[in-house]
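Worksheet for the structure shown next.
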Amino acid sequence: MDKSGFDQLFFERKPRIPKRTIFLAVLQIGFAVIWRLLPIQVLFWVLLPVICILGWAASFGWRTALREFRFWLDQITREEY
């Protein structure tokens, strides 16, 4: 049996926590730190929607998020004649 044929296989352990979950946790921690440094009024009304949209889009992948966002916009802007 030739064991050199299995050199290209990688049997690495996958992380227990998905990368998307880690990213969203870091995003929330970063938001909490910025929340302490800047006035709350500025962060709540300006940055909260932006951060939520970016976090949501990054967790899905940009193409999927933009496709879903476009589908949602089509649904809410559809006019009945």
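The values are calculated or read from the model by the stated rules, or taken from the named source; none is laboratory data. Keep in mind that what you see is a predicted model, and the values were worked out from it rather than measured. Calculation scope for accessible area: heavy atoms of the full protein, side chains included, ligands and nucleic acids excluded. Shrake-Rupley method; radii C 1.70, N 1.55, O 1.52, S 1.80 Å.
Tabulated values for the structure
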{"read-out": "Degrees between helix 19-37 axis and first principal axis of the chain (Cα, 0 to 90, nearest 10)", "value": "40 degrees"}
{"read-out": "Cα long-axis angle, helix 62-77 against the chain (0 to 90 degrees, to the nearest 10)", "value": "30 degrees"}
{"read-out": "Probe 1.4 Å, accessible area per residue of the chain, Å²", "value": "99 Å²"}
{"read-out": "Rounded, prolate or oblate (a/c below 1.5 giving rounded, otherwise prolate when a/b exceeds b/c) for the stretch 12-59 by Cα gyration tensor", "value": "oblate"}
{"read-out": "Between helix 48-60 and the chain: long-axis angle, C-alpha atoms, 0 to 90°, nearest 10", "value": "30 degrees"}
{"read-out": "Rounded if a/c under 1.5, otherwise prolate or oblate - the chain, Cα gyration tensor axes", "value": "oblate"}
